[in-house]
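The values are calculated or read from the model by the stated rules, or taken from the named source; none is laboratory data. Values in this document were obtained by computation on a predicted structure and should not be read as measured data. Using ideal geometry, Cβ is built from the backbone for each residue, glycine included, and neighbour counts are taken over all protein chains shown.
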Amino acid sequence: MLKGRSSALGALLVALLALAAGIAAERTGALRRLDLIALDARYRIGGPHVPTGDIAFVSFDERSQDEFRERFGTSRRRIIDARIIDRLRGARPRVIAYDFQFTERGERPDDDGALLDAIYGARGIILATAEVADGNHEVLGGPPAIRAARARVGDSTFPEDQDGVLRRMAYAPRGLPTFAVVAARAASGRPVPRAPFGRDGAMIAYPRKQDLLTVPAWRAVDGTSSLAALRDKIVIVGAGDPSLGDIHPTPIDGAMPGALIHAYATATAMAGFPLRRAPGGVAYLVLAALAVVPPLVAHRQSAWRMLGAALGALAALLVGAQIAFRQGWALRVDGPLVALIAATAGAFGASLLREIRERRRTRLAFGRFVPEQVADDAIARQSGDLRVGGSQLVATVMFCDLRGFTQFCESLSPERVIEVLNHYLGEMSDAITEHGGTVADYMGDGIMAVFGAPTPLDDHADRAVAAAAEMSGPRLARFNGWVTAKLGCSAFRMGIGLNSGMVISGNVGSASRVGYAAIGDTTNTASRLEGMTKGSGHQVFVAGSTRSLLTRPAPGLVFVDVFPVRGRRESIEVWALDEPSVASAGDEATAATEG
């Protein structure tokens, strides 16, 4: 329960830190450029539909420039503008918006007069200027001249984002309504609301690609070309030739003429600003969700599944942002993306630390009763669950028991019994693990051990016999000496049974409590052999199966007999580990007791 609570608190902490990182990124704009790149991708995939059929673009393209120079020279620009305005007026468009700045006089006074006459005759033409100060301008000489010419003026500038791309339009950034606002108001006959602009301006709803009716300016001067297609349209006149310098980067085109940008800004205003920023509450809700997903999944699942969930959350963010964009909401993704990355990194790190901590804890616990290499192997093969898959292999199983310990305990306090038992089990377990064995279970004063499992060993039989010799000899003698010195009692004897064969080996138990087991007929027979040593005069019985697997001679191994074993149909050969190992061990035990 404490472990689960600690994990939950860790997940909560990671989520809170990720949330804070996402909010900080959004507030500071540290990754704003990344968000703008993602926004441009949504523009190119497609946003809300904005009707542009009522708008046309009369372009001063490269051909128009060449023809005007050939026909009028380079000093009659005012005459060209006057003729275009006159021809457009004759086409009866709804609005003429002229995206050229008339703040300087022409080289010929007659040309200026012709231009003023054309502007006056157009009745309400919209002119552009980039030079505005507190609402004042110098177009045609200033506001009085504009009123006399029955014209209107709009600020032709756009706010730039961090990367210099034009994605927004302002209402009246310097006290004068912008060109698109004036054009939309003139075309609709209604005021353009200020609310959609906010502090940062309104988003321009660019289409996926340029889709406006475009007429080259030379056709507007050539009297033989029909301009009937411009009837009742909002006609934006402006530079189309890059050499004129009015080219700007937009989400759908890295070099779009400024007049086209005005056209799309006008269409956006006419459509009621269909593209807006997502409400702050929605943005923070998305950010919080992405900050929670990785640690929540990591709390219950593996780190790799958490990474999969994080990738799924990223895909959901991008797809969801595109769907929202199509519906007219531009969702910022920099904050949510930072929150997701921070949450994923934090959850992955916490998961790895938790796994390392669990492995260390398990290794410490597991390593107390198995050799170091066995513990490492078992832990390396487990993935989150210590109940590793079982394996079938040939091994040697040992059962041992301390004779007379139950009666010995009756005269001692519980504390003293546990002290003696722990000392005995410590001595014998050390002998087992030092010879490469695995302590499978403690049964009071009994021990079950396996050699050759869970990690296979070619010489498991040799190791088991050597361990039995040490346990029944020097280890038992040392324990007896300690017991005699501590309690003044007589020496103990042991019973050990060894049998080799096929065993099924693996960790068993529940998810919260795990134990190692080696089961099968080999194990049962080893247990029977240990019991058969009682009253036999021998401390160690070795099955013929174990002797046959020895790779080197075992000193003191003598044949006893062929015995039937309860639970088996066939009898087995039984060998005893006697002189010199056990007999000498008995002498050492006696000497230790007398000492």
task: Select from the range 344-358 the residues that are over 10 Å from the mean Cα position of the chain (by Cα) and surrounded by fewer than 17 Cβ atoms within 10 Å (Cβ to Cβ) and write down the one among them that is modelled with the highest pLDDT.
output: GLY349
query: For ALA151, are the conditions met, namely being over 18 Å from TYR264 (Cα atoms), buried (at least 20 other Cβ atoms within 10 Å of the Cβ) and aliphatic (A, V, I, L, M)?
result: yes
- request: Could you list all residues from the range 98-153 that are at positive phi and part of a loop (DSSP other than H, G, I, E, B)?
  value: ARG123, GLY124, ASP134, GLY135, GLY142, ARG150
statement: Of the residues in the range 463-477, those that are within 14 Å of GLY556 (Cβ to Cβ) and either without any contact (Cβ under 8 Å) to a residue 60 or more places away in the chain or surrounded by fewer than 24 Cβ atoms within 10 Å (Cβ to Cβ) (or both) come to ALA466, GLU470, PRO474
query: Taking the range 224-234 as the search range and keeping residues that are out of contact with any helix residue (DSSP H, G or I) (no Cβ under 6 Å at 6 or more places or on another chain) and touching a residue at least 24 places away in the same chain (Cβ under 8 Å), which one is surrounded by the fewest Cβ atoms within 10 Å (Cβ to Cβ)?
result: ALA228
- line: Subset of the range 280-296, residues in contact (Cβ under 8 Å) with a residue 12 or more places away in the chain and within 30 Å of PRO51 (Cα to Cα), comes to VAL282, ALA283
query: Just checking, which of THR522, THR533, THR546 is at pLDDT below 95, under 18 Å from ASP462 (Cα atoms) and of a type outside the set (A, V, I, L, M, F, W, C)?
result: THR522
query: Can you find a residue in the range 297-308 that is hydrophobic (A, V, I, L, M, F, W, C), more than 30 Å from ILE356 (Cβ to Cβ) and surrounded by 24 or more Cβ atoms within 10 Å (Cβ to Cβ)?
result: no
task: Would you confirm whether any residue within the range 184-195 is more than 20 Å from ILE126 (Cβ to Cβ), surrounded by fewer than 20 Cβ atoms within 10 Å (Cβ to Cβ) and either of a type outside the set (Phe, Trp, Tyr) or outside the structural domain of LEU140 (by TED's automatic domain parsing) (or both)?
output: yes
query: In the range 550-569, is there at least one residue being modelled with pLDDT of 95 or more, surrounded by 15 or more Cβ atoms within 10 Å (Cβ to Cβ), assigned by TED's automatic domain parsing to the domain that holds ALA477 and within 60 Å of the chain's Cα centre (by Cα)?
result: yes
- request: Collect the residues in the range 88-97 that are buried (at least 19 other Cβ atoms within 10 Å of the Cβ) and part of a loop (DSSP other than H, G, I, E, B), keeping them in residue-number order.
  value: ALA91, PRO93
- request: Name the residue, out of ILE341, ILE323, that is in a helix (DSSP H, G or I), over 30 Å from PHE273 (Cα atoms), at pLDDT 80 or above and not assigned by TED's automatic domain parsing to the domain that holds HIS538.
  value: ILE341
task: Answer yes or no as to whether ALA82 is farther than 30 Å from ALA339 by Cα and either outside the structural domain of ARG326 (by TED's automatic domain parsing) or hydroxyl-bearing (Ser, Thr, Tyr) (or both).
output: yes
